[in-house]
1. Quickly run through segment B:170-190 and pick out the residues that are in a helix (DSSP H, G or I) and either modelled with pLDDT under 90 or charged (D, E, K, R) (or both).
2. Take B:SER216 and tell me if it is in the same structural domain as B:ASN160 (by TED's automatic domain parsing), open to solvent by 10 Å² or more (accessible area, probe 1.4 Å), among the hydroxyl-bearing types (Ser, Thr, Tyr) and free of Cβ contacts under 8 Å to residues at least 40 places away in the same chain.
3. Being in contact (Cβ under 8 Å) with a residue 24 or more places away in the chain, more than 13 Å from chain B (Cβ to nearest Cβ), open to solvent by less than 30 Å² (accessible area, probe 1.4 Å) and hydroxyl-bearing (Ser, Thr, Tyr), is that true of even one residue in segment A:202-212?
4. Cβ-Cβ under 7 Å, sequence separation 6+ or interchain: first residue in segment A:110-128 and of a type in the set (Ser, Thr, Tyr), partner surrounded by 16 or more Cβ atoms within 10 Å (Cβ to Cβ). Which pairs?
5. Which residue, of B:LEU262, B:LEU290, is at the interface with chain A (Cβ under 9 Å from one of its Cβ atoms) and assigned to a loop (DSSP other than H, G, I, E, B)?
6. If you go through segment A:163-184 one residue at a time, how many are within 7 Å of another protein chain (Cβ to nearest Cβ), within 14 Å of the chain's Cα centre (by Cα) and over 30 Å from A:ASP125 (Cβ atoms)?
7. Within segment A:154-162, identify whether any single residue is hydroxyl-bearing (Ser, Thr, Tyr), at the interface with chain B (Cβ under 10 Å from one of its Cβ atoms) and under 21 Å from B:PHE286 (Cβ atoms), and answer yes or no.
8. Given the conditions (1) basic (Lys, Arg); (2) open to solvent by 20 Å² or more (accessible area, probe 1.4 Å); (3) at pLDDT 90 or above, and given that B:ARG317 satisfies all but one, which numbered condition is not satisfied?
Amino acid sequence: MFVKNLFHLVKHEFSLEMKQKHFISSIVLYIVSTIFVCSLSFTSISETTIWNALFWIIILFSLTNAISKSFLNENSDKQLFLYTIINPRVLILSKILYNLVLSILLVLLSFFIFNFFIQSDGLSDINYNLFLLAVLLGSMSLSSTLTMVSAIASKTNNNIGILSILAFPILIPSLLLSIQFSNLAINGGTADMAGQFIVFLSLINLLIIILSFLLFPYLWRE
Amino acid sequence: MNGIKKHWWKALAVILLVYTIAFSFLVPLSPKISSASPKSLEIGSNTLTLTGYNTGFLEGEKIYACLEFEKKPLVLGENIEVLSENKIRVDFTVPEKLPSKVLNLRLNTTRFNSFAPELIKAYSVKIANDSSQYTTLTFSSSANNFDIPNRLQLNETIRNLMFHVPMWFAMMIILGISVWYSIKYLNTFDIKYDIIAREAVNIGLLFAFLGLITGSIWAKFTWSEHTNLFTTSGWWVNDVKLNGAAITTLIYLAYRILRSSLQEESQKAKVSAVYNIFAFVLMIVFIMILPRLTDSLHPGNGGNPAFGKYDLDNTLRMVFYPAVLGWILLGVWMVNLKKRISNIENTLDYE
């Protein structure tokens with residue numbers, strides 16, 4: 001029942017997204033124009049650490065933008081309806097799952113565009129598999145934290161501003177880990193050198209999901 | 001009588017803090033030889049002027065000096081003459097072969113023992129590889145002094161240990177109390193727990209700011225080359241523990257903004273309790289994990305988020321632990337007072 005509801009809700013989110021195409025296209029345009037502005041100001045970055053940091057900052061801001069809307073669509077009538085029929089834990093899991101898929105797609109897209117527009121000489125010995133793993137794990141923890149915090153922020157009026165000040169400080173651990181991890185991948189590291197990053201990032205992911213699972217029902221109850 | 005039984009810990013806090021402050025301002029720093037001129041010795045007879053700190057040499061006092069390497073005394077000082085309170089003149093006769101070119105200086109009087117690592121260089125000597133090529137002398141130290149250790153580079157700023165470090169201990173305990181009452185609030189929805197959680201965050205933030213200020217001053221005078229008070233550089237360095245402190249402060253400032261942006265009292269309590277728990281757990285993760293991955297300027301690093309085992313000596317321990325306990329109790333007391341003020345304000349509002 002739980003799993004069935006979960007998939008139903010995720011599917012519902014997708015169909016909602018498909019109905020409101022302006023939202024997803026605005027995020028994609030946001031990413032493209034941010035990267036284009038960066039490419040005009042940098043053209044080429046010789047230092048790979050700066051290239052990497054810029055990439056993660058762009059990801060941070062575009063994911064914040066994308067996920068800030070995840071609890072905004074819920075008007076109070078619909079919320080009341082959902083409240084009567086489903087378990088709030090299913091709801092938060094479905095939101096996290098949906099945002100996970102969305103952010104992975106967005107991050108892969110931004111990696112492609114970023115790599116296309118901004119060159120770096122130091123990228124010759126990049127380990128692509130490891131880099132993608134870093135990007136996936138990093139964006140997973142970013143998106144799940146942002147989902148939970150956007151649920152908190154949706155209770156206030158000033159949604160996006162509150163979301164950033166609430167989320168950025170607690171995002172720093174996973175962001176720093178991801179930056180270090182992808183730096184390692186850029187410098188040609190191998191999977192066994194990245195063991196501790198993989199373990200810590202997965203643990204943080206798990207922790208965030210457990211915390212959201214435990215705490216969301218309190219937030220939901222009016 | 002009942003009052004004393006109930007409030008003994010407040011008296012304990014006062015006693016501990018008075019003890020801490022008295023100790024850390026009144027006990028002198030241990031005497032130490034801080035510089036020698038010339039710094040490098042030649043083979044044969046040399047005359048050195050040694051400058052010390054807090055040494056208080058007396059005219060006609062018996063002073064013994066030796067150069068040593070790995071606890072083996074090698075050259076004894078002769079014709080020691082006191083020039084002033086902090087200055088003496090010593091003659092050293094350097095042999096042709098020594099086990100090292102960089103030597104430690106040890107100085108004993110009847111009042112204190114002092115040790116200056118790697119103070120003296122003797123570049124012209126040949127390195128002796130086995131112990132038959134040089135003679136090891138005997139040099140005993142007897143004085144037992146009660147004072148604050150005089151560490152390289154720290155100097156008098158070591159006294160800040162009793163103020164800077166306990167701030168973070170107290171802050172973590174008080175924020176832990178806050179989270180505990182947030183959990184209690186979510187289980188009972190009783191507004192009195194929310195008041196405690198809120199006031200604990202306020203006091204925790206106060207301790208965080210005090211810790212940042214004391215740490216900043218300490219960093220300026222030990223880690224930075226810019227010891228001029230009126231320049232902006234040197235107050236902040238990029239270090240994993242400073243980042244942790246900054247993140248903690250940001251999280252709890254955000255907590256306060258979240259509270260003030262919500263109107264209804266019960267919603268304010270509920271939403272901020274959820275954020276408090278969520279943020280605290282992730283902050284703990286940050287503090288536990290990241291210091292293990294990066295190096296830090298703070299003591300006890302390369303894998304350890306807390307102290308190194310050997311950073312404190314017994315004299316410092318005698319004040320440091322009471323200081324930590326004293327500051328924690330003071331913080332709890334402050335939270336208690338703030339809670340009572342809030343309760344009075346709430347009752348006055350209803351009337």
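The values are calculated or read from the model by the stated rules, or taken from the named source; none is laboratory data. This structure is a prediction, so every number in the text was calculated from the model and none was measured. Positions of Cβ are generated from backbone atoms using ideal geometry, with glycine treated the same way; all protein chains shown enter the neighbour counts. Accessible surface areas use protein heavy atoms only, side chains included; no ligands, DNA or RNA. Shrake-Rupley method; radii C 1.70, N 1.55, O 1.52, S 1.80 Å.
1. The first filter runs over segment B:170-190 and keeps only residues in a helix (DSSP H, G or I), leaving B:170-188.
Listed by number, the list holds a single entry, B:LYS184.
2. So B:SER216 fits the description; yes.
3. From segment A:202-212, those in contact (Cβ under 8 Å) with a residue 24 or more places away in the chain are A:202, A:204-205, A:208-209, A:211-212; that's our starting set.
Those still in the list that are more than 13 Å from chain B (Cβ to nearest Cβ) too: none.
No, segment A:202-212 contains no residue that is in contact (Cβ under 8 Å) with a residue 24 or more places away in the chain, more than 13 Å from chain B (Cβ to nearest Cβ), open to solvent by less than 30 Å² (accessible area, probe 1.4 Å) and hydroxyl-bearing (Ser, Thr, Tyr).
4. As it stands, the answer is A:SER110/A:ILE31; A:SER110/A:ILE35; A:SER110/A:ILE58; A:SER110/A:ILE59; A:SER110/A:SER62; A:SER120/A:ILE45; A:SER120/A:THR48; A:SER120/A:TRP51, since those pairs meet every condition given.
5. On the way: B:LEU290 fails: assigned to a loop (DSSP other than H, G, I, E, B).
The match here is B:LEU262.
6. Counting residues in segment A:163-184 that are within 7 Å of another protein chain (Cβ to nearest Cβ), within 14 Å of the chain's Cα centre (by Cα) and over 30 Å from A:ASP125 (Cβ atoms) gives 1.
7. Residues of segment A:154-162 that are hydroxyl-bearing (Ser, Thr, Tyr), as a first pass: A:154, A:156.
Remaining after also requiring at the interface with chain B (Cβ under 10 Å from one of its Cβ atoms): A:154, A:156.
Of the ones still in play, those that are also under 21 Å from B:PHE286 (Cβ atoms) are none.
No, there is no match, as no residue in segment A:154-162 is hydroxyl-bearing (Ser, Thr, Tyr), at the interface with chain B (Cβ under 10 Å from one of its Cβ atoms) and under 21 Å from B:PHE286 (Cβ atoms).
8. (3)
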